[in-house]
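Please treat every number below as a calculation from the coordinates, not as lab data. What you are looking at is a predicted structure, and each value in this text was computed from that prediction instead of being measured. Every residue, glycine as well, gets a Cβ built from its backbone with ideal geometry; the counts of neighbours run over all protein chains shown.
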């Protein structure tokens, strides 16, 4: 590392440029078997432009927070907080629009889930992202907080958010396997078929295999539409009926359908919505 940094100093001196140590950071990744990190005084020092580079426990690289303990929790929580902020902005600025339009805005402006294909998807913090998204969907449709989670994807005609994350992970791995860069392709193949559960990427792929009900060779060749069908097989017919009824009731409550043709008052419709959604 010091040899490479000396090359940077030589390059900077020759071409009259300056590398800023204040924009660089060092991070030490301890072995898994190491129960405690070494004291800070024992960390090797590195310099750029004769200035020491600061050590940190976590740092953002290309929008993805990397932690020295190799735990994705910080990045996942950061993404969850960003998601909550985006949902609040949409509902604040477009609160008077029809719920169906607000739902489209949520998908367009709040559904990027940037970096989710890099997470350890078995990390418990991923559920915080899923919970925040489901809360946003309930707010868009003015549904009770206890509305069954299984009904929300059916109302929005989208996959559950956890399945969407799995789908994006599979697409990411497929692109890595087909990458023109031989190193990227090799590392991906090694992680899946050699590293397996001891590799973060391999463990993610095997989790996807279990969730989709496919063998590993099949899932890595599935199209996005085929992956959607894998998840669709587990949908309960009873939930489909309830979701269809709930969707009609929401249209009735929003005024798209008229109360005169239904014979129900607005209060009665709202009471039925609560019962269908929550019980």
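One quarter of the convex hull surface built on the alpha carbon atoms of the range 87-240 amounts to 10.2 nm², the projected area averaged over directions.
Taking the Cα atoms of the range 97-187, the ratio Rg/Rh between the radius of gyration and the Kirkwood radius comes to 1.07.
Could you tell me the calculated FRET efficiency between residue 51 and residue 215, based on Cβ-Cβ distance and R0 = 35 angstrom, to the nearest 0.05? Here the calculated transfer efficiency is 0.10.
Restricting attention to the chain, close to 75% of DSSP beta bridges with both partner residues there are antiparallel. Using a cutoff of 8 angstrom between alpha carbon atoms and counting only pairs six or more residues apart, the relative contact order for the range 165-232 works out to 27 percent. Packing, as the average of other Cβ atoms within 10 Å across residues, places the peptides 101-111, 150-160 in the order 150-160, 101-111, highest first.
Gain on full extension, evaluated as 0.36 nm per residue between residue 183 and residue 9 minus their Cα-Cα distance, stands at 59.8 nm.
Rg/Rh for the range 165-232 stands at 0.96; both radii use Cα atoms, and Rh follows the Kirkwood definition. Taking Cα atoms, how many degrees apart are the long axis of helix 2-15 and the longest axis of the chain, rounded to 10 and kept between 0 and 90? Taking the Cα atoms of the chain, the angle to 2-15 is about 90 degrees. Per-residue ellipticity at 222 nm computed for the chain from its helices equals -17000 deg cm²/dmol, with DSSP H segments shorter than 4 residues left out and the rest contributing -39,500 (n - 2.57).
Here, the chain yields an orientationally averaged convex hull projection of 20.6 nm² when only Cα atoms define the hull.
Full extension of the segment from residue 127 to residue 149, taken as 0.36 nm per residue of separation minus the current Cα-Cα distance, would add 6.7 nm. Using only alpha carbons, the range 7-117 has a radius of gyration to Kirkwood radius ratio (Rg to Rh) of 1.18.
R0 = 22 Å: FRET efficiency of residue 94 with residue 278, Cβ-based, nearest 0.05? Efficiency at R0 = 22 Å is approximately 0.25.
Tell me, what is the FRET efficiency for residue 171 and residue 16 to the nearest 0.05, using R0 = 41 angstrom and their Cβ-Cβ distance as r? The pair residue 171/residue 16 has a calculated efficiency of 0.40.
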